[in-house]
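Structure first, commentary second.
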Amino acid sequence: MIFTRIYMKNIAFYCCFLMFLTSGFAQNQPIQLTISNGNTIIDRDTLQTILINNQFTGPTLRLTQNTAHKINITNKLKEPTSIHFVGLELSPRDIGDVGINSVAIAPGATKTIQIKTDKAGSFIYYGTTKDHKQLGLYGAIVVESSTYPNFSFEEECVILLSDFNKDAHQEVIKTLKRNSRWYDIKKKKTQTAFDYLYNEVTLDRIKNAFKRIPAIGLSEIKTDYQFINGDTSMQISGCKQGNKILLRLINASSATNYDVKFAASDMLLTAVDGIAVDTQSVDRILIGMGETYDVLIEIPSDSLAYEFRAQAQDGYNYTSIFFGDSAQIHGDSSLIEPHNISVQNIFKSSSLKGVAWNDELEVYKNADTTGMNKLQQMAAVRDQYKKKNENVNADSILREQDLVLNYHMIKALDSSHIDTTKPSREVKIKLHGNMQRYTFDVSSNQTDRNGRIKIAKGENVKLIIKNKTPLYQPLHLSGHYFRTTNAQGKYSPYKHTINIKPLDEVTLDVLADKDKDYNLYTNQMFRKQTGLQNQVHYEGYTQDSDVAKAASQQESDRVNFGHIGLMYNMVDFFWTSATHKTDFKVDFESDYRFYFETDIDYSYYVDKDQFLSLYAGAFINGGDNRVYVIDSNDVTASFKASPKAVVGMRYTLPLFINAEARINHDLDWRVEFSGKIPLMPYVNIFYRANTDKEWQVMLEGRIIKRASVMLNIDHLYGFGLGGTWKF
């Protein structure tokens, strides 16, 4: 069904339409969600999407606080699916973590779930299987209350942020696993030797390369669309001067954190992840994937159209909604377009990482901002940074003249002290990532023999989470809220999702009041699918038999990719079949004389960061061996091959130099070093050399996503020019 923008013209009609859709909710009638495939037209592009009740994006579910609601979910897809309702009270089997506590909804089947709404606020639901979330299986949930404790408003607007990628999710993962940085090229945000020299950060980059911290920027993926309520832009008319509008901000995207800002005024924060908090006036909010924020805005005039902009965190794209009847270019443009949302310097590591959580905590504790306006608050916080002599740029948090929301600024309405009479457990968790293989992992000091993170019912669990990756990680523990220990002390807020900065560490408190197993995972879909998730297991509980069966039947994470190169001096073929912990590789080279070398091996990565792997395989070389008979025209030709069994190890050294040591069955050994240097956005240098005096240097010039021009110099095959095709 072609998506119609029926609710985008004015708030009154929009609210009426939503009330019509959900008119049976207050009467506690079952809510019907029907999931199907369909086509959606956006900007003249026809996108293959998932529809819910024949619409893209899914309908907003309006529920009533302190009420039990029944939802019927019918799956009309050709494959199983599942939905997670975030922040609401459900039984373990209704959580939606397939193979952990739930089973998927089979094609043609209907599942009925029960939801309890003990909290009033803004929530989110989304698909948890395959790429269903990005295709459109998501929507907003509003749990309505008769009273709001600390503010009033005339109107409200749900703002559901999302993204879309035209490439199939498996193609995206293949592109990332090739370590080609293609999406950085498309975003024009490459990090190459030329970029480092141009931005005068070469020494900074070398320093991080020694620590094996890859240059990846704020996001490794370029999505083709950014959406507000399923469209690239919207305008809402009928906004009256002085009216206060409650914006329910919900990030349902699969790969994008957003900076959000309103052009006309600041935003008054009222709730976080569905829980009311002490009001806080801010100019800008970074909203991570899976997070929700309620903010209040005020319309200063009904003669202008004011922009609310959601910009991808790394600045490559944005989506907007305009409040007002006037043309968007009418009047004072500074009041229509928000001041440019500055983008962090992706070349400077201190700017990307910002200030560590514990340092921020001390700064905000000591910065007394009572009774101050925004500019005074910013000055007070900056003064505290100066007192601490932090070797960081304070503008990584407080940029230009904007007050940017920081987690330490969020204050709960009531004391959130932990009951110290309960037994406690400290769980240390590390988030790992190898960007060369695009593989992630979650490890812990508290695991059972199956590798699950173990806790016990009734415990106070302190989660100390270290993000060892160079990326923001929006982390969510299904079925639970956690207390975010921040500068507000006993008024630290509760959240269900936290966006952890690169290389940072946070401390969260969780009351283990559930049973069965739950999923701890990132809301970034592609990282979740490549390993950034782990089960949290309640000791003493076992999986239901059908859930265990579903876990055993889940699809393999195997990904196959490679390339074939044809050059003047040689032919090169490389193929990899990769899983989370293993690689099966075939590397074949041959010249016009039919002399060839082939490496075939199977490797296993033994550490969580995947720097070290052990492998076994075979090395085969040989070629056309011609024997000429004297005084005769006879020529005897034979093809000779010499296979040798090999075992070895590979290790990633500082500066991302790949070291390899191997020995064959004749006890001949070899040590080899290889690597890749991104020279310019479309140009890479590959090199390898070993103790057998073999060496090779290749210069790659990218043409399109899959094709490159290659210039090759090899110790055996000599000089060659040609091309490579990636598959």
If we ask which residues in region 429-440 are aromatic (F, W, Y) and not in a strand (DSSP E or B), their number turns out to be 1
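Kindly indicate whether any position in region 231-248 is outside any strand (DSSP E or B), within 15 Å of the chain's Cα centre (by Cα) and modelled with pLDDT of 90 or more. Lay out the reasoning, then the answer.
Our first condition is that a residue be outside any strand (DSSP E or B); within region 231-248, this holds for 232, 238-243.
Filter once more, keeping what is within 15 Å of the chain's Cα centre (by Cα): none.
Scanning region 231-248, I find no residue that is outside any strand (DSSP E or B), within 15 Å of the chain's Cα centre (by Cα) and modelled with pLDDT of 90 or more, so the answer is no.
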Please verify whether S443 is among the small types (G, A, S), outside any loop (DSSP other than H, G, I, E, B) and not assigned by TED's automatic domain parsing to the domain that holds H580, treating the condition exactly as stated. yes
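Can K495 be described as buried (at least 22 other Cβ atoms within 10 Å of the Cβ), more than 21 Å from I100 (Cα to Cα) and not hydrophobic (A, V, I, L, M, F, W, C)? Give the derivation first.
Values: buried (at least 22 other Cβ atoms within 10 Å of the Cβ): yes; more than 21 Å from I100 (Cα to Cα): yes; not hydrophobic (A, V, I, L, M, F, W, C): yes.
The answer is yes for K495.
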Tell me, which residue of region 693-726 that is among the small types (G, A, S) and surrounded by fewer than 19 Cβ atoms within 10 Å (Cβ to Cβ) is farthest from the chain's Cα centre (by Cα)? G718
The number of residues in region 298-326 that are closer than 26 Å to T223 by Cβ and aliphatic (A, V, I, L, M) is 3
From the set of residues in region 395-418 that are modelled with pLDDT of 85 or more and of a type in the set (D, E, K, R), which is surrounded by the most Cβ atoms within 10 Å (Cβ to Cβ)? K411
Among the residues of region 361-394, count how many are modelled with pLDDT of 70 or more, of a type in the set (A, V, I, L, M, F, W, C) and farther than 20 Å from D504 by Cβ. 4
Please specify each residue of region 298-312 satisfying the condition of being touching a Leu at 6+ places or on another chain (Cβ under 6 Å) and surrounded by fewer than 23 Cβ atoms within 10 Å (Cβ to Cβ). none
For L614: the one exception among (1) modelled with pLDDT under 95; (2) more than 30 Å from G722 (Cα to Cα): (1)
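Checking the structure you have, find out if any residue of region 170-178 is in a helix (DSSP H, G or I) and without any contact (Cβ under 8 Å) to a residue 40 or more places away in the chain. Walk me through how you get there before you give the answer.
Our first condition is that a residue be in a helix (DSSP H, G or I); within region 170-178, this holds for 170-177.
After this cut, where a residue has to be without any contact (Cβ under 8 Å) to a residue 40 or more places away in the chain as well, the list is 171.
Checked region 170-178: at least one residue is in a helix (DSSP H, G or I) and without any contact (Cβ under 8 Å) to a residue 40 or more places away in the chain.
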Number of the condition not met by N199 [criteria: (1) more than 30 Å from G121 (Cβ to Cβ); (2) surrounded by 15 or more Cβ atoms within 10 Å (Cβ to Cβ); (3) touching a Leu at 6+ places or on another chain (Cβ under 9 Å); (4) not hydrophobic (A, V, I, L, M, F, W, C)]: (3)
Can you name the residue in region 419-443 that is basic (K, R) and under 24 Å from the mean Cα position of the chain (by Cα) and is also modelled with the lowest pLDDT among such residues? R437
So, K177, is that one among the basic types (K, R) and surrounded by fewer than 16 Cβ atoms within 10 Å (Cβ to Cβ) or not? no
Of the conditions (1) buried (at least 18 other Cβ atoms within 10 Å of the Cβ); (2) at pLDDT below 90; (3) at positive phi, I216 fails just one. Which one is it? (3)
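Find the strands (runs of 3 or more DSSP E) located wholly in region 455-532 whose residues include 1 or more that are charged (D, E, K, R) and in the same structural domain as T292 (by TED's automatic domain parsing), and list them.
Values: elements: 460-467, 473-477, 482-484, 497-500, 505-511, 517-522.
Of the strands (runs of 3 or more DSSP E) lying wholly inside region 455-532, none has at least 1 residues that are charged (D, E, K, R) and in the same structural domain as T292 (by TED's automatic domain parsing).
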Could you tell me how many of the residues in region 272-284 are out of contact with any Lys or Arg (no Cβ under 7 Å at 6 or more places or on another chain) and at pLDDT 95 or above? 0
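Listed here are the residues, each with its yes/no results for (1) in a loop (DSSP other than H, G, I, E, B); (2) of a type in the set (S, T, N, Q); (3) closer than 20 Å to S478 by Cβ.
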residue	(1), (2), (3)
N37	no, yes, no
I41	no, no, no
L51	no, no, no
H69	no, no, yes
I100	yes, no, yes
T112	no, yes, yes
S122	no, yes, yes
T129	yes, yes, yes
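Looking at region 681-727 only, could you name the residues that are of a type in the set (G, A, S) and in a loop (DSSP other than H, G, I, E, B)?
Taking region 681-727 as the starting set, the residues that turn out to be of a type in the set (G, A, S) are 689, 701, 707-708, 718, 720, 722-723.
Passing the criteria: none in range.
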Only one of (1) at pLDDT 55 or above; (2) of a type in the set (A, V, I, L, M); (3) over 47 Å from the mean Cα position of the chain (by Cα) does not apply to V635, and that is (1)
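Please pick out the residue among G451, G433, G458 that is among the small types (G, A, S) and crowded, with 18+ Cβ neighbours inside 10 Å. Please lay out each step first, then the result.
Details: G451 fails: crowded, with 18+ Cβ neighbours inside 10 Å; G458 fails: crowded, with 18+ Cβ neighbours inside 10 Å.
Being among the small types (G, A, S) and crowded, with 18+ Cβ neighbours inside 10 Å holds for just one of G451, G433, G458, which is G433.
Conditions tested, residue by residue: (1) more than 22 Å from Y494 (Cβ to Cβ); (2) free of Cβ contacts under 8 Å to residues at least 60 places away in the same chain; (3) assigned by TED's automatic domain parsing to the domain that holds T522; (4) of a type in the set (V, I, T).
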site: I35; (1), (2), (3), (4): yes, no, no, yes
site: I50; (1), (2), (3), (4): yes, no, no, yes
site: F56; (1), (2), (3), (4): yes, no, no, no
site: P59; (1), (2), (3), (4): yes, no, no, no
site: L63; (1), (2), (3), (4): no, no, no, no
site: N66; (1), (2), (3), (4): no, yes, no, no
site: I73; (1), (2), (3), (4): yes, yes, no, yes
site: L90; (1), (2), (3), (4): no, no, no, no
Which of (1) more than 21 Å from M409 (Cβ to Cβ); (2) of a type outside the set (V, I, T); (3) out of contact with any Gly (no Cβ under 6 Å at 6 or more places or on another chain); (4) surrounded by fewer than 20 Cβ atoms within 10 Å (Cβ to Cβ) is the odd one out, the single condition R527 does not satisfy? (4)
Scan region 114-131 residue by residue and report those that are in contact with an Asp or Glu (Cβ under 9 Å, 6 or more places away or on another chain) and not aliphatic (A, V, I, L, M). Q114, K116, T117, D118, K119, G121, S122, F123, T128, T129, K130
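Pick out the one residue from N445, N467 that is within 22 Å of D609 (Cβ to Cβ) and buried (at least 21 other Cβ atoms within 10 Å of the Cβ). Steps first, answer last, please.
Values: N445 fails: buried (at least 21 other Cβ atoms within 10 Å of the Cβ).
After ruling out the rest, the residue left standing is N467.
Results for (1) touching a strand residue (DSSP E or B) at 6+ places or on another chain (Cβ under 7 Å); (2) at pLDDT below 95; (3) not hydrophobic (A, V, I, L, M, F, W, C), shown as yes or no for each residue.
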position: D45; (1), (2), (3): no, yes, yes
position: I71; (1), (2), (3): yes, no, no
position: R93; (1), (2), (3): yes, yes, yes
position: G127; (1), (2), (3): yes, no, yes
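The values are calculated or read from the model by the stated rules, or taken from the named source; none is laboratory data. These numbers were taken from a predicted model, which means no experiment stands behind them. In this analysis, Cβ positions are derived from the backbone assuming ideal geometry, glycine residues included, and neighbour counts consider all displayed protein chains.
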